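What follows is one structure encoded as structure tokens, with my remarks underneath.
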Amino acid sequence: MRVLVAILLSLVCQLAAAHKPSDSYLALETRDAIVDVQWDIALRDLDFAIGLDADQDGAITWDELRARHADIAAYAVARLTVAGDGDACPMAVREHLVDEHTDGGYAVLRLRATCSAPPAALRIGYRLFFDLDGQHKGLARIAHAGGTQGAIFSADHREQVIQLASPGAWSQFRDYVRHGVWHIWIGFDHILFLLSLLLPAVLVRTTQTWAPASSFRVSGIEVLRVVTAFTVAHSITLTLAAFDTVTLPSRLVEAAIAASVVLAALNNVWPVIATQRWAMAFAFGLIHGFGFASVLADLGLPDGSRLAALLAFNVGVELGQLAIVVAFLPLAWWLRGRWVYRRLVFVAGSMAVAALAAAWFVERAFDVRFIG
Amino acid sequence: MTAPRCLKPLVMGVVAIVSAATAVAAPRIPVDGSEVLERLPVTVGDRRLRELAPLRAALNRDPNDLRAAVTLARAYIDTGRTTGDPRYAGYAEAVLSPWWTMPAPPAEVAILRAVLLQRVHRFDASLADLDRLLAENPRNGQAQLTRATILQVQGRFDEARQACAALRGLVPAMYVLACEAGVDGATGRLQPAFDALAAAFARVPDADAGTRAWVLGTLAELAERAGRFTVAETHFRNALAADPDDQYLLAAYADFLLDRGRSREVMSLLAGRGRADGLLLRLALAADAMKSGDATALAGQLRARFDAAAMRGDRVHLREEARCTLHLARDPHAALALALDNWTVQKEPADLLILAEAAAATRDASARAVIDAWVARTGLEDIRITAALRSTKSATTAHPSSASLRSTR
């Protein structure tokens, strides 16, 4: 008897496809100006609309479906529109797959709509099957930076507008801080300039040579002075440039930055400015600020929160700087008495930096490339 | 083994459920070109629909062809009724679309719209159409009958009785008696209603299959509520002999068998009929009662069906969902909420029964008050409801140690 029951149950399970009203499933995902769509459409409904069963045997095979892919794509695209902020986003089918839901087999279309700019709101128009099945519904899920939303399209509701929220203020702030940190860490010219000014902080200039400094406190204050002067200077010009108050041609700025590195490095070998290095940091920091501004211009400041983003970027730069200084100072203090530091790192290193920076200068001033 | 959950429909749920559906589902590219992806329904109704292809063509040329639209819509509605497939209702609605949103469409369209609205439990909208139809033509038999049925489902028994009386002279006498028996049977005249209908039926031995199925089904339900189980069974069997595919009859007989503990017979009765949600419910209940190994799988399928309905905002199967939630998911509080929701739409004895069972399982006093008030006002007699309520009473007065009483099933 249990065997009979099992057989009966298996019959039930085989005929698992349910009777239910007609639905299609839409999953939309927006990324900048792109809207990716996955659209599941019941094979039964497609057959009712355009005919899929070529040999009329009551079964739709993969071969039969494939033969109609172009027609299915045309049919579907004509009945789904995506517009961003008023402009239509042209849509094309990229892939055809299949899947199953509770009521049977589905054709899965993967489409991409390309908008002219990242939209603030999406207007979705849906009119699949309403002319054939008054109870058909399109069940949509829209995923965007601000979260996920659901929408149901029916014969009475053929259009919906989805507001795409901008990412939250805090996450935006965090993003710009990250950018600031990143750009100082990859800004070798800025780092080399800073290090050139900091290398002598743990030394003391005697008549013709450098001797290790005796007071960590004094060295620390020197470092603080130099870094603060640099920070204040580049913050000023970064802000001025970011708000377009002062603009300088970028070639000029980049060349000047390279020149500043040369001068700072050479100053270690032939000290012209021995004790007022903070002034040098300030003066050249002004130019470095314009360099950061060009990076920020590439990133772009968000319209509603320019100041916050600028502040965040600056904070990031300072944090990045701080990390370098905190890594540098104890190491430099520990090594300051060694020959390795005084002759190799300090003198030879500064000359190497000067040479490198000179090469940069030539590249940037004359728009040539040999280091890359 | 986790218990399956039956979810309440919400639009916000669309996100979660579509996400889950598309996460679990795995779109793929088939490897074999001859793989069958879908089997199209091939029923007698479909053959009939193929014969109507010329009508379909005429409608494509002129969507405003009323004759063609009405004929085609009627065919779709009939096919939908016999197969239990709700897509046909959608096809009918689409065919009637030029007139669907009119406040006062032509009479032939209005009656079909009323029937379709009734199918999806939009009773008030359906009644509006029917009232307008009957104001223009009080002798419209189908409109009167549909109206009487809706009023009975809504528990508006005085109006339903008047509507049944208005059927005299419009439809065969048997229909009038069956209509009145349905109303009387729910308002304290259970035995007289049964006797009158049984006697009338005996006098008409050559009634057609549809009439026989309906009258015998009504007699079976009346007998079951009176506790006369042998008589009920005879009538159920005869009704199904007249129309073996009637979804309503199959469900009612399955419930009868489940109450008698005859789950195995439910499996054979409903074998291969799992496509309809209501029948899948009975199969799942039977499997659960037999503690069969497939019980979880069946309950899981059922949950997927309710999820799909929830996604599109359908609330047609609230009664079934409440039963699933109470007896399969074993969540009496959620079941009570669903049963109360259902009660606002439908007030048939079966609706009161699931409400009583949920109220008993939760020992909810306010739900119990609703039930008691209804029974007192209408005089409803139903031995199943009495038994369910008795378990409430003993549950509330018993000691905590015996508070594990469940509703009888």
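The values are calculated or read from the model by the stated rules, or taken from the named source; none is laboratory data. None of the values given here were measured: they were computed from a predicted structure. Positions of Cβ are generated from backbone atoms using ideal geometry, with glycine treated the same way; all protein chains shown enter the neighbour counts. The protein model used for the area step is the full one, side chains on, heavy atoms only, and it has no ligands, DNA or RNA in it. Shrake-Rupley method; radii C 1.70, N 1.55, O 1.52, S 1.80 Å.
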Quiz item: Using a 1.4 angstrom probe and counting only protein chains, how large is the accessible area of B:ARG189 in Å², to 10?
Solution: 110 Å²
Practice problem: Would you give the gap between the C-alpha center of segment A:302-367 and the C-alpha center of segment A:38-97, rounded to a whole Å? | Solution: 58 Å
Quiz prompt | Residue with peak Gaussian network fluctuation, chain A [Cα springs, cutoff 10 Å], from A:GLN172, A:GLN163, A:GLN208 | solution = A:GLN208
Quiz item: Just how many % of Cα pairs in segment A:87-230 lie over 19 Å apart, if you round to the nearest whole percent?
Solution: 74 percent
Quiz item: Of B:VAL204, B:CYS324, A:HIS19, which is farthest along the charge dipole of the protein assembly as shown in the positive direction, counting Lys and Arg as +1 and Asp and Glu as -1 at C-beta?
Solution: B:CYS324
Quiz item: For B:LEU37, which sequence-distant residues (separation of 5 or more, or a different chain) have an amide H within less than 5 Å of its own amide H, given hydrogens modelled in the peptide plane?
Solution: A:ILE60, A:THR61, A:TRP62
Practice problem: Provide the solvent-accessible area of B:LEU127, counting protein heavy atoms only and rolling a 1.4 Å probe, rounded to the nearest 10 Å². | Solution: 10 Å²
Self-check item: J(HN,Hα) series, segment A:93-110, from Karplus relation 6.51 cos²θ - 1.76 cosθ + 1.60, nearest Hz, glycine and proline x
Solution: 7, 10, 8, 10, 9, 9, 7, 10, 10, 4, 10, x, x, 10, 7, 10, 9, 10
Self-check item: Listed residues B:ALA94, B:GLY80, B:THR296: farthest to the positive end of the dipole of chain B (Cβ charges)
Solution: B:THR296
Exercise. Report the charge-dipole magnitude of the protein assembly as shown in Debye, nearest 20, computed about the Cα centre from +1 at each Lys and Arg Cβ and -1 at each Asp and Glu Cβ.
Key: 2380 debye
Exercise. For chain A, find the longest principal axis of its Cα atoms and tell me its angle to the long axis of helix A:250-269, 0 to 90°, nearest 10.
Key: 40 degrees
Quiz item: Over chain B, what is the relative contact order in whole percent, taking alpha-carbon pairs under 8 Å and six or more residues apart?
Solution: 16 percent
Quiz item: With point charges of +1 on the Cβ of Lys and Arg and -1 on the Cβ of Asp and Glu, referenced to the Cα centre of the protein assembly as shown, which listed residue (A:ILE186, A:LEU197, B:PHE236) lies farthest in the positive direction of the dipole?
Solution: A:LEU197
Quiz prompt | Helix-derived mean residue ellipticity, 222 nm - over the protein assembly as shown, DSSP H n ≥ 4, -39500 (n - 2.57), to 500 | solution = -19500 deg cm²/dmol
Quiz prompt | Given charges at beta-carbon only (K, R positive; D, E negative), |dipole| of chain A in Debye | solution = 2640 debye
Exercise. Identify which of A:GLN56, A:GLN149, A:GLN38 has the largest mean-square fluctuation in a Gaussian network model of chain A, with springs joining Cα atoms closer than 10 Å.
Key: A:GLN56
Quiz item: Considering the zone a paramagnetic label at A:VAL269 would reach in this model (a point 7 Å from Cα along the Cα-to-Cβ line), which residues of segment A:320-357 have amide N under 19 Å from it?
Solution: A:340-357
Quiz item: With every protein chain kept in the model, how would you rank A:ILE50, A:ILE184 by accessible area, 1.4 Å probe, largest at the top?
Solution: A:ILE50, A:ILE184
Quiz prompt | Interface area, B with A, accessible, probe 1.4 Å, both sides summed, Å² nearest 100 | solution = 5400 Å²
Quiz item: Size of the dipole of segment B:98-166 about the Cα centre, Lys and Arg at +1 and Asp and Glu at -1 on the beta carbon, nothing else charged, in debye to 20?
Solution: 140 debye
Self-check item: Estimated FRET transfer efficiency (B:ALA165, B:ARG260; beta-carbon r; R0 30 Å; 0.05)
Solution: 0.25
Exercise. Using the heavy atoms of the protein chains and a 1.4 angstrom probe, tell me the accessible area per residue for segment B:77-234 in square angstrom.
Key: 40 Å²
Quiz item: Quick one: with all protein chains in place, what share of the accessible area of chain B is carbon or sulfur, to the nearest percent (1.4 Å probe)?
Solution: 56 percent
Exercise. Just read off the accessible area of A:VAL161 with the full protein assembly in place, 1.4 Å probe, to the nearest 10 Å².
Key: 70 Å²
Quiz item: Which shape class, rounded, prolate or oblate, goes with segment A:147-240 when its Cα gyration tensor gives a ≥ b ≥ c as root eigenvalues, a/c under 1.5 marks rounded, and past that a/b bigger than b/c marks prolate?
Solution: prolate
Quiz prompt | Under the Karplus curve 6.51 cos²θ - 1.76 cosθ + 1.60, θ = phi - 60°, whole-Hz ³J(HN,Hα) for segment B:312-320, x wherever Gly or Pro sits | solution = 8, x, 7, 10, 6, 10, 4, 4, 5
Quiz item: Which residue, B:MET102, B:MET267, B:MET174, tops the fluctuation ranking in a GNM of chain B built on C-alpha contacts under 10 Å?
Solution: B:MET102
Quiz item: By how many degrees, 0 to 90 and rounded to 10, does the Cα axis of helix A:216-242 deviate from the longest principal axis of chain A?
Solution: 50 degrees
Self-check item: Compactness of chain A as Cα Rg over 2.2 N^0.38 Å, two decimals
Solution: 1.58
